[in-house]
Amino acid sequence: MDKSVKIKKHSYRVLYMLAGFLTFFLLFIYILVKPSVEGQALEDLQNAGSIEDVHVSWEKHKPDLAGDEDYLTAVRGKLSSFNLSAKETGDCLQWLPKPPESLNLIVVPDLSGRIDDEVVYYGDVDHPVSGQIDPGVS
């Protein structure tokens, strides 16, 4: 008895599609969670042990983060943690930008001229009738 055995060909199409989907999914997740420039700069500042390290970090990240207040505050805070002398502080002020001068001003308008509390009622002056407003008074 000769039994012919049919060889089944497996389709790898599904596996290729799954591998492609996983590749795109992993790339998407990487793009979402990749470290930001600011995060890397703040990590460099935390690892800095001297004024020169802070200056190198500043020069490295200056094009991207020169206007970022959080980064500038972190740089100033790190430099102040070193307890610098007057000469070292002057040297740092040469390469650091000046802090912005901001004025917080709250303007409250006087609306007392718009409030009219006078209500004239019909009836006697001594005994007004409640609930009836004089239509002639605006």
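The values are calculated or read from the model by the stated rules, or taken from the named source; none is laboratory data. What you are looking at is a predicted structure, and each value in this text was computed from that prediction instead of being measured. When we count neighbours, we look across all protein chains shown, and the Cβ atoms used for this are built from the backbone with ideal geometry, even at glycine.
Starting from residues that are among the β-branched types (Val, Ile, Thr) and in contact (Cβ under 8 Å) with a residue 24 or more places away in the chain, keep the ones in the stretch 40-59 and report whichever is nearest to VAL75 (Cα to Cα).
VAL54
Kindly indicate which of GLY77, GLY67, GLY20 is farther than 26 Å from GLU101 by Cα and of a type in the set (Gly, Ala, Ser).
None of the other options fit; the residue is GLY20.
Go through the stretch 50-66 and report how many residues are outside any helix (DSSP H, G or I) and exposed (fewer than 10 other Cβ atoms within 10 Å of the Cβ).
Of the residues in that region, 1 qualify.
Of all residues in the stretch 16-41, count the ones that are over 27 Å from the mean Cα position of the chain (by Cα) and outside any helix (DSSP H, G or I).
Counting residues in the stretch 16-41 that are over 27 Å from the mean Cα position of the chain (by Cα) and outside any helix (DSSP H, G or I) gives 0.
So, in the stretch 90-105, of the ones that are surrounded by fewer than 11 Cβ atoms within 10 Å (Cβ to Cβ) and at pLDDT 85 or above, which residue ends up farthest from the chain's Cα centre (by Cα)?
As a first pass, look at the stretch 90-105 and keep what is surrounded by fewer than 11 Cβ atoms within 10 Å (Cβ to Cβ): 90, 94, 98-105.
If we keep only those that are at pLDDT 85 or above too, we end up with 90, 94.
Details: GLY90: 31, GLN94: 28 Å.
Taking the candidates together, the pick is GLY90.
Could you run through the stretch 42-64 and say how many residues are of a type in the set (Asp, Glu) and closer than 16 Å to PHE82 by Cα?
Qualifying residue count, the stretch 42-64: 3.
Restricting attention to the stretch 73-89, and to residues there that are surrounded by 14 or more Cβ atoms within 10 Å (Cβ to Cβ) and charged (D, E, K, R), which single residue is farthest from LEU45 (Cα to Cα)?
So the residue we want is ARG76.
Residues ASP70, ASP44: which one is under 25 Å from the mean Cα position of the chain (by Cα), modelled with pLDDT under 90 and surrounded by 13 or more Cβ atoms within 10 Å (Cβ to Cβ)?
ASP44
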